[in-house]
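A short write-up of the structure that comes next.
Since every read-out is calculated from the coordinates, none of them should be taken as a lab result. Quantities reported herein were computed from a predicted structural model and do not represent experimental measurements. All Cβ positions, glycine included, derive from the backbone under ideal geometry; neighbour counts span all protein chains shown.
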Amino acid sequence: MGDIAIRAGNLSKRYNITMGKRRHDTLRDQIADGLKSLFRRNRRSSLGENAFWALKDVSFEIKEGEVVGIIGQNGAGKSTLLKVLSQIVVPTYGQAQIYGRVGSLLEVGTGFHPELTGRENIFLNGAIIGMKKEEIRRQFDAIVEFAEVEKFLDVPVKRYSSGMYVRLAFAVAAHLQPEIMFVDEVLAVGDAAFQKKCLGKMGDVAKGGRTVLFVSHNMTAVNSLCDRVLWLDRGTIVEDGPTTPIVTRYMEKSLKGMDSSEESWDDITTAPGNDIVRFHGVRVRRQDGRLSDPLTMQTPFQVEIECWNLVDNTQLHVTLHLYTAEGIIAFTTGGLPERPMPAGLFRSVCYVPGDLLNSGLHRIVVLIVKNTNSVIYRHESGASINILDLNHRDFAYFGREPGVVQPVLNWKTEYLGEGLEVNTFTRKLQFE
Amino acid sequence: MNVVESIESRKPTVLIESRKGLFRLDLRSVWQYRELLYFLVWRDVMIRYKQTAIGVAWAILQPLITMIIFTLIFGNLAKIPSDGIPYPVFAFTALLPWTYFSQALTRSSNSVVNNSNLVTKIYFPRLLIPLAASVAPIVDLFFSLLVLVVLLAWFHISPSWGMLALPLFLGFAISTALAVGLWSSALNVRYRDVGYIIPFLIQVWMYASPVAYPASMIPEKWRVLYFLNPMAGVIEGFRWALLGKQRPDFMVMAVSLAVVLALLGSGIVYFKRTEQTFADVI
């Protein structure tokens with residue numbers, strides 16, 4: 001118990017940018033460059049400037065059974081880290097020890113061959129990701145059932161729909177049973193129903209006592225699957241610890257750029273929209289008019305949307321979708337359908353009461369709906385709602401409460417009298 | 001106390017570090033992954049004639065048509081001697097290993113590049129890729145062997161005990177294809193020029209090998225030099241094993257074998273050395 005599964009010490013990977021820019025793709029270039037460098041002194045002097053560290057001195061230890069998420073912006077080194085740990089890429093320096101059999105799912109469907117049938121690909125792909133033939137045979141039925149492709153087993157996969165293809169690919173991968181598993185973004189496959197199934201399967205894997213390293217941009221998945229998170233930024237570990245606080249900080253930081261309470265356009269020709277409707281502005285403000293004060297969980301606020309209606313006599317109304325930092329829709333709300341309006345500028349205001357939303361950064365998406373049934377424009381607003389938790393209600397706990405909303409609800413506790421059952425029960429306890 | 005000891009004494013399943021050693025070949029992992037090798041060969045065989053009208057018949061047609069053309073041009077027009085063997089049989093026995101070799105070399109040269117999706121996504125010993133590519137065309141060779149049986153019956157040539165040595169020369173042919181394939185597949189990752197060189201090389205190489213003419217036409221003093229080409233040894237070996245005429249000179253066969261072993265050894269070292277950068281460069 002508590003044995004180390006992965007130990008990484010100063011793992012580093014350097015790429016030379018010139019490798020991409022001016023790769024020695026042909027022998028002639030290589031010879032020409034070789035000759036040139038013969039006559040140049042300090043051949044290595046240029047190396048430093050063109051070096052790019054995809055990973056720099058990354059060290060960590062992961063215990064058996066831990067489910068660890070790796071988060072970070074694109075290019076932070078997440079995938080490079082998984083590639084180094086799965087022996088695809090060799091580190092420039094540093095080392096890692098891995099205790100146990102490793103299975104890596106860096107991309108589902110690796111090695112699928114379009115000409116082979118579903119049945120044949122299950123065996124081929126299984127062998128490629130590291131399953132023994134016996135193991136595949138034993139799991140075969142489970143794989144087929146999970147992928148829901150029974151009827152098409154003997155059809156070449158090139159005839160599969162893309163949904164069937166990824167389902168089969170994920171099914172094979174999900175039935176690999178190594179001690180340590182590296183997973184990179186495999187959850188982004190299939191339709192909503194299958195994604196749910198994948199997430200469920202990943203949850204089983206995570207709870208099954210296996211060590212999992214999980215790279216994802218899906219913070220909801222990371223939050224619900226991982227106990228611990230490594231946050232990578234430009235090749236180094238910024239934070240390493242329990243999931244929820246780090247994920248929240250990460251989300252807040254990555255949304256920082258759009259942390260502004262309003263956006264507006266003066267020029268109708270460049271404003272977002274189409275030939276029916278154009279945006280003039282979206283604004284978030286406190287209802288009490290104290291504009292410089294921050295929004296807290298208790299503050300009632302309003303969202304104002306100003307639009308130009310460009311076509312006379314159009315019936316438009318505005319719907320708001322409010323997203324939490326984790327990407328969950330906190331609520332949707334729509335204005336009442338208006339009667340047909342003349343062309344011109346309009347303002348719709350949505351009043352949101354205090355004591356409703358949880359703390360954190362919320363994104364606003366505005367939908368413009370025509371004739372109450374068709375969405376004619378979807379606007380991802382640059383204005384956001386940053387709700388602070390300044391007057392914490394519960395004094396015993398200072399963390400962020402889980403949940404999309406934090407409403408203040410009415411509670412009542414009543415005394416129902418001294419029942420006979422209670423007396424006999426407590427007496428019974430005394431005798432024992 | 002015991003716990004601490006057991007942790008310290010545990011050996012990692014995998015140790016990842018920057019490898020500098022020239023001779024850390026780690027051939028044992030190839031053996032551990034033999035099942036995958038089987039699947040890769042099986043895949044190559046399975047997909048080879050998918051969605052073709054006549055399927056496996058291609059494996060027979062290619063050497064057969066080449067044999068007919070050779071018989072017409074070299075046998076009938078140019079009147080090239082064939083060591084007293086009917087020319088069609090003479091040519092076909094050479095075309096067996098030669099067709100295999102050219103297939104295996106073409107496929108293994110492109111094997112790593114063609115499997116770049118595997119190389120950049122999943123770990124397994126990279127040696128398996130050219131290995132599978134050079135083993136898979138053996139299946140074609142077996143089909144052509146059936147044609148040879150028909151040919152031998154047609155010309156009333158009975159097989160000799162030399163037949164038993166055929167697996168030996170088959171191994172010789174595979175080693176030659178693999179040895180060159182290791183070099184070319186690894187070089188191909190960095191220099192795509194290899195893709196252009198190989199078809200040309202194969203063409204030239206055929207004329208440098210005793211496919212359309214007998215090795216006995218080569219003057220005695222050049223014989224050793226000639227057999228530096230390992231395919232000369234392979235083809236002469238095939239002719240001897242299948243037709244039983246003219247046992248090959250051990251001396252010159254040893255030359256061919258030595259060249260193959262040198263190529264194979266250096267090929268493995270070069271491949272293992274460059275495979276670390278495959279995923280970065282490909």
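Relative to the longest principal axis of the Cα atoms of chain B, the long axis of helix B:87-114 makes an angle of roughly 20 degrees. How many angstrom lie between the Cα centre of the range A:304-334 and the Cα centre of the range B:157-173? If we compute the Cα centre of each part, the gap is 81 Å. The GNM of chain B, with springs linking C-alpha atoms under 10 angstrom apart, assigns the highest mean-square fluctuation among B:17, B:236, B:220 to B:17.
The overall shape of chain B, judged from the alpha-carbon gyration tensor, is prolate: a/c is not under 1.5, and a/b is greater than b/c. Per residue, the average separation of C-alpha pairs within less than 8 Å and at least 6 apart gives the range B:85-136 a relative contact order of 43 percent.
Counting Lys and Arg as +1 and Asp and Glu as -1 over every other residue whose Cβ lies under 9 Å from the Cβ of residue A:94, the net charge comes to -1.
How many percent of Cα pairs in the range A:108-194 exceed 19 Å? Mind dumping the intermediate values first?
Values: 1148 of 3741 pairs.
Looking at the range A:108-194, the distances longer than 19 Å represent 31 percent of pairs.
Local charge for residue A:117 was computed over the other residues whose Cβ lies under 14 Å away, with Lys and Arg +1 and Asp and Glu -1, and equals +2.
Which log10 I(q)/I(0) values, to two decimals, does the range A:298-337 give at q = 0.16, 0.30 Å⁻¹ under the Debye formula with one point per Cα? Listed by q, the Debye log ratios stand at -0.59, -1.14. The range B:133-150 and the range B:206-276 have Cα centres spaced 20 Å apart.
Taking the range B:22-276 as the region of interest, the number of lysine pairs whose Cα atoms are within less than 29 Å, with members eight or more places apart or on different chains, is 5. Quick check on the range A:83-229: take the gyration tensor over C-alpha atoms, sort the square-rooted eigenvalues as a ≥ b ≥ c, and tell me if it's rounded (a/c under 1.5), prolate or oblate. Prolate, because a/c is 1.5 or more and a/b exceeds b/c. Counting charges near residue A:269 (Lys, Arg +1; Asp, Glu -1) among other residues having Cβ under 12 Å from its Cβ returns a value of -2. Modelled label positions at residue B:200 and residue A:153, each set 7 Å beyond Cα in the direction of Cβ, lie 5.1 nm from each other. Under 5 Å from the amide H of residue A:261 lie the amide H atoms of A:384, each residue being 5 or more positions distant or on a separate chain, with H modelled from the backbone and absent for Pro and chain starts. Restriction of the trypsin sites (Lys or Arg not before Pro) in the range A:91-166 to DSSP coil positions whose beta-carbon has at most 16 other beta-carbons within 10 angstrom yields A:101, A:132. For the protein assembly as shown, the direction-averaged projected area of the alpha-carbon convex hull comes to 52.7 nm². Would you list which lysines come within 29 Å of residue A:253, measuring only between C-alpha atoms, while excluding same-chain residues fewer than 8 positions from it? Within the straight-line cut-off, residue A:253 pairs with A:13, A:56, A:63, A:78, A:83, A:196. Separation of the range A:213-230 from the range B:81-99 is 65 Å, based on Cα centroids.
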